[in-house]
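K.L.:
This is the structure I want to talk about, given as structure tokens.
Readers should treat all values here as calculations from the given coordinates under stated rules, not as data from a laboratory. Every value quoted in this text rests on a predicted model; they were computed, and no experiment measured them. With ideal geometry, Cβ positions are generated from the backbone for all residues, glycine too; neighbour counts draw on all protein chains shown.
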Amino acid sequence: MTPTLAGVETPIIEVSHVFTRFGETVVHKDVSLTVRRGEVFAIAGGNGCGKSTLMREIVGLQEPTSGVVRLFGIESWQLREGRHHEVHRRFGVMFQQGALFSSLTLAENVAAPLKEHTRLSPDVIRDIVALKIASVGLPADSAAKYPNELSGGMRRRAALARAIVMDPELLFLDEPTAGLDPMIAAGFDELVLQLKALLGLTVVMVTHDLDSLWRIADRVAVLGDGTVLGIGTMRELSRSDDPLIREYFHGPRGRAAEGQHGST
Amino acid sequence: MAVTSKPSWTRPEAKVGIGGAGVLRCEGSWTIPNLSALSRALAGVQWPRTPKLACDATQITAMDTGGAVVLHRLVMQLRREGRQVTIEGLRPEFAEILRMVSSNWNRIGLPATTRPGWAEQVDQAVSKWTKQAVSALGFIGESTVGIWRSLNAPSGIRWRALLRGLELDGFNALPITGLLSFLIGVVIAYQGAEQLRKFGTNIFVVDLVGISLLREISPLIVAILIAGRSGSAYAAEIGTMKVTEELDAVQTLGLSPVQLLVLPRVLALVIALPLLTVYADGLGVFGGMLIASNQLNVSFTEFVDRFEEAVALRHFLIGIGKAPFFAFIIALVGCYQGFQIRGGVDDVGRHTTTSVVQSIFLVIVFDAWCSIVLSWWEL
């Protein structure tokens with residue numbers, strides 16, 4: 001459980017009036033949103049609406065053309081200057097393709113943040129790594145395997161184990177359930193909820209998975225047309241009048257997911 | 001600049017100590033940044049000889065899974081030593097984390113990686129080498145058949161890819177091969193000049209430069225350069241295509257990777273390398289000529305006159321004749337290593353390196369073999 005801090009009222013992420021352009025293509029015209037501590041915040045929207053770009057801007061991998069993105073109150077783009085090591089330890093990122101280091105085994109991948117950021121004894125590191133590997137549901141014998149020997153779903157879970165090994169306060173997930181079978185995807189959702197309950201994690205996820213959105217997202221921001229079309233709970237958004245939001249949530253798949261989760 | 005909320009990483013440290021009889025007092029923030037200090041503190045604790053030990057955890061103000069792992073390890077260790085351990089006053093939310101850790105404890109335990117014995121290592125190495133040799137033979141066979149077929153039916157040749165290969169591997173290599181062979185010509189003439197002047201046989205610089213460059217050095221220098229320049233590129237390109245599943249896409253489209261990728265590269269190099277060698281011959285001899293007129297008073301006309309007499313046509317032809325074989329070796333090794341890439345990014349690097357080392361090695365071995373055979377025939 002994250003202890004309450006002095007500045008608990010400052011939002012953990014603050015995106016204000018972000019404008020992003022790649023050459024001629026305008027991705028974000030005016031995006032503003034805040035993420036509060038302890039919530040599962042989802043970023044949804046059609047393909048190519050700049051969800052992943054927004055996430056890259058939040059974690060400091062990319063600079064917005066204009067506007068300000070703050071993470072833990074620090075401007076994200078300044079994270080790369082290396083003066084903010086402590087901030088890097090406070091969040092974990094799970095990339096879409098896993099982004100596991102291919103020259104390291106699964107266990108070494110998961111151990112990498114601990115080895116870089118702490119001076120723990122190898123025994124303790126080994127136990128923490130083994131615990132994280134078990135808690136994401138990977139079998140112990142996969143620990144000695146290299147990423148290219150793992151299946152896609154296992155790689156995804158290994159990436160999650162690496163993202164949470166430092167017990168970060170904030171976890172970013174880029175399309176965590178895309179391409180996973182429904183059982184594993186549901187398990188993934190459960191895992192996120194469990195981590196949130198256990199460790200008081202704040203989760204920011206980019207997703208298309210409507211089931212996931214209904215099941216675990218506290219609030220959802222729908223991006224489209226370069227701006228935030230709407231922010232709210234799924235229930236609120238599903239009642240929205242915005243034509244683009246309606247299109248997104250009330251397609252055949254949206255209705256099926258709503259029928260399953262929305263009525264409960 | 002920005003005023004930050006005080007980072008949670010500078011929280012009060014974690015402490016342990018013996019407080020009273022049979023009570024272990026645990027305090028502070030049991031979180032990952034504090035754990036190394038905590039482990040040191042634990043190592044320094046003077047454990048009382050009581051059979052029962054109570055952990056007073058009321059003062060633990062923060063805990064994450066790392067802290068729970070350390071606490072669990074401690075409890076397990078004390079129990080193994082035959083003590084009865086109880087944890088008292090742990091906050092419910094931390095108890096929940098501890099429960100998660102202990103409930104997963106039986107499932108974890110990374111398999112110990114055991115080093116195989118020498119017999120197993122030998123066995124593995126032998127089977128690996130056998131497999132590699134077989135697959136290399138298979139690849140050479142497949143490529144040769146592919147090349148033979150497309151030479152019989154030239155409509156199967158990818159002309160665009162071939163021309164592009166000629167540009168990338170031939171034309172674009174002109175500056176660097178030219179510069180290098182010019183310098184080699186200069187170096188040979190310069191080194192020879194010292195010796196030749198002693199005997200007053202200045203004019204023999206022409207024989208020295210002409211024969212050594214045309215017959216051996218130019219083809220070798222060009223081949224080594226191209227192995228580093230193009231062979232490595234072939235391995236990396238094809239390997240990356242394999243990693244990104246592009247090769248699989250090619251195969252499912254019913255196209256042959258050999259015809260699509262290997263053939264244009266082999267043909268381009270087989271055409272380009274002899275041409276580059278002729279060019280390198282020219283510039284190398286020119287470099288030698290400059291030094292000859294400068295250091296040995298052999299004028300350009302004398303040089304050319306002597307060249308016609310001294311350097312037989314066969315030297316030139318032998319040099320040029322070797323070039324296509326060098327090209328064949330380099331292109332095939334590069335492509336083969338590319339196809340051998342299985343896994344991820346580091347595999348690409350490893351096989352690219354191997355392709356350069358192997359192709360240079362094979363080129364030199366082939367060159368040595370040529371020398372032996374040609375000396376039998378007294379050429």
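K.L.:
Taking the Cα centroid of segment B:31-45 and of segment B:349-365, what is the distance between the two, rounded to the nearest whole Å?
P.N.:
Computed from Cα coordinates, the inter-centre distance equals 51 Å.
K.L.:
So what are the ³J(HN,Hα) numbers for segment B:185-201, from phi and the Karplus equation (6.51, -1.76, 1.60; θ = phi - 60°), rounded to whole Hz, Gly and Pro as x?
P.N.:
Values, residue by residue: x, 4, 5, 4, 4, 5, 5, x, 3, 3, 5, 5, 4, 4, 9, x, 10 Hz.
K.L.:
Still on this structure: P(r) of chain B in 20 Å steps, Cα pairs, percent per bin?
P.N.:
The percentages, shortest bin first, are 21, 29, 21, 20, 9, 0.
K.L.:
By counting other Cβ atoms within 10 Å of each Cβ, how are A:Tyr146, A:Tyr248 ranked from fewest to most? Write out the running numbers ahead of the final one.
P.N.:
Working: A:Tyr146 19, A:Tyr248 24.
Exposure proxy ranking, most exposed first: A:Tyr146, A:Tyr248.
K.L.:
What FRET efficiency comes out for A:Arg246 versus B:Arg149 if R0 is 35 angstrom and r is the Cβ-Cβ distance? Round to the nearest 0.05.
P.N.:
Details: r = 59 Å, r/R0 = 1.68.
Calculated value: 0.05.
K.L.:
How far is helix B:313-340 tilted off the main Cα axis of chain B, in degrees rounded to 10, range 0 to 90?
P.N.:
Its long axis makes an angle of about 20 degrees.
K.L.:
Got a sec to turn the phi values of segment B:34-49 into Karplus ³J(HN,Hα) couplings, 6.51 cos²θ - 1.76 cosθ + 1.60 with θ = phi - 60°, whole Hz, x for Gly and Pro?
P.N.:
8, 5, 5, 5, 5, 4, 5, 4, 5, 5, x, 6, 8, 6, x, 8
K.L.:
I've got another one for you. Per DSSP helix of 4 or more residues, -39500 (n - 2.57); summed, then divided by the residues of chain B. What does that give at 222 nm, rounded to the nearest 500? Don't jump to the answer; show the numbers that get you there.
P.N.:
Details: 14 runs with 246 residues, N = 379.
Using -39500 (n - 2.57) per qualifying helix, the result is -22000 deg cm²/dmol.
K.L.:
Continuing with this model, one more query. For segment B:167-288, treating each Cα as an identical point scatterer without solvent, what Debye log10 I(q)/I(0) comes out at q = 0.17, 0.19 1/Å?
P.N.:
Values, matching the q order: -0.83, -0.95.
K.L.:
If you filter segment B:241-347 for GluC sites (Glu not before Pro), then keep DSSP loop positions with at most 14 other Cβ within 10 Å, what is left? Mind dumping the intermediate values first?
P.N.:
Numbers: sites: B:Glu245, B:Glu246, B:Glu302, B:Glu308, B:Glu309; in loops: B:Glu245.
Answer by residue number: B:Glu245.
K.L.:
Please name whichever of B:Ile87, A:Ser238, B:Val126 sits farthest to the positive end of the charge dipole of the protein assembly as shown, dipole taken about the Cα centre and charges placed at Cβ: Lys and Arg +1, Asp and Glu -1.
P.N.:
Looking along the dipole axis, the top candidate is B:Ile87.
K.L.:
What residues qualify as long-range amide H neighbours of A:Met205, i.e. H under 5 Å apart, gap of 5 or more or another chain, H built at 1.01 Å from N?
P.N.:
Sorted by chain and number, the residues that satisfy this are A:Phe41, A:Ala42, A:Ile43, A:Leu173.
K.L.:
Here's something else I'd like to know. How well do other chains shield peptide B:62-71, expressed as the mean number of their Cβ atoms within 10 Å of each residue Cβ?
P.N.:
Working: counts 3, 4, 10, 11, 12, 2, 4, 10, 5, 0.
Rounded to a whole number, the mean comes out at 6.
K.L.:
Another question about this same structure. Could you work out the relative contact order of segment A:84-220? I mean the mean sequence separation of Cα pairs under 8 Å and 6+ apart, divided by the number of residues, in percent.
P.N.:
The normalised contact order for segment A:84-220 reaches 31 percent.
K.L.:
Alpha carbon centre of segment B:164-224 versus segment B:244-310: separation in Å?
P.N.:
Cα centroid to Cα centroid, the span is 13 Å.
K.L.:
Ranked by Cβ crowding within 10 angstrom, fewest neighbours first, how are B:Phe307, A:Phe249 ordered? Mind showing how you got there, number by number?
P.N.:
Details: B:Phe307 17, A:Phe249 26.
Arranged by neighbour count, lowest to highest, B:Phe307, A:Phe249 become B:Phe307, A:Phe249.
K.L.:
Take A:Asn148 and A:Phe22, extend 7 Å from each Cα along the Cα→Cβ direction, and tell me the distance between the two endpoints in nm.
P.N.:
Reported label-point gap for A:Asn148 and A:Phe22 is 2.7 nm.
K.L.:
Continuing with the same structure: So if R0 is 60 Å, what FRET efficiency would B:Leu168 and A:Asp218 give, r being the distance between their Cβ atoms, rounded to the nearest 0.05? Walk me through the numbers on the way to the answer.
P.N.:
Details: r = 54 Å, r/R0 = 0.90.
About 0.65, to the nearest 0.05.
K.L.:
Further question on the same structure: Using alpha carbons only, how many angstrom separate the centre of segment B:52-110 from the centre of segment A:75-119?
P.N.:
Here the two parts' Cα centres lie 27 Å apart.
K.L.:
Taking the Cβ-Cβ separation of B:Arg160 and A:Ser121 as r and a Förster radius of 60 Å, what is the calculated FRET efficiency to the nearest 0.05? Walk me through the intermediate numbers first.
P.N.:
Details: r = 60 Å, r/R0 = 1.00.
In this case the efficiency is close to 0.50.
K.L.:
Next question. Which far-off residues, 5 or more places away or on another chain, put their amide H under 5 Å from the one on A:Gly67, with H placed in the peptide plane?
P.N.:
A:Phe19
K.L.:
Please compute the contact order of chain A in relative form: average sequence separation of alpha-carbon pairs under 8 Å and at least six residues apart, divided by the residue count, as a percent. Don't skip to the answer; put the middle values down first.
P.N.:
Working: 465 pairs, mean separation 65.1, N = 264.
It rounds to 25 percent for chain A.
K.L.:
Evaluate peptide A:128-138: per residue, the Cβ atoms of other protein chains within 10 Å of its Cβ; return the mean as an integer. Provide the component values of the computation, followed by the final result.
P.N.:
Details: counts 11, 3, 7, 11, 5, 4, 9, 7, 0, 1, 0.
The mean count of partner-chain Cβ atoms within 10 Å per residue comes to 5.
K.L.:
Right, here's the next one. Based solely on its DSSP helices, what 222 nm [θ] is calculated for chain A when runs of n ≥ 4 H residues each add -39,500 (n - 2.57) and the sum is averaged over all residues, nearest 500 deg cm²/dmol? If you can, show how the numbers build up before the last one.
P.N.:
Details: 10 runs with 98 residues, N = 264.
The helix contribution divided over chain A gives -11000 deg cm²/dmol.
K.L.:
Using only the Cα atoms of the protein assembly as shown, construct the convex hull and provide its projected area averaged over every direction, in square nanometres to one decimal. Don't skip to the answer; put the middle values down first.
P.N.:
Values: hull surface 172.0 nm².
If you wrap the Cα atoms of the protein assembly as shown in a convex hull and average its projections, you get 43.0 nm².
K.L.:
Continuing with this model, one more query. Can you tell me the 0 to 90 degree angle between the C-alpha axis of helix A:182-199 and the longest principal axis of chain A, rounded to 10?
P.N.:
Between the helix axis and the principal axis of chain A, the angle is about 80 degrees.
K.L.:
A further question follows. Which whole number gives the average, over all residues in B:84-96, of C-beta atoms from other chains lying within 10 Å of the residue C-beta?
P.N.:
On the way: counts 0, 0, 0, 0, 0, 0, 0, 1, 1, 5, 2, 0, 4.
Going residue by residue through B:84-96 and averaging, the value is 1.
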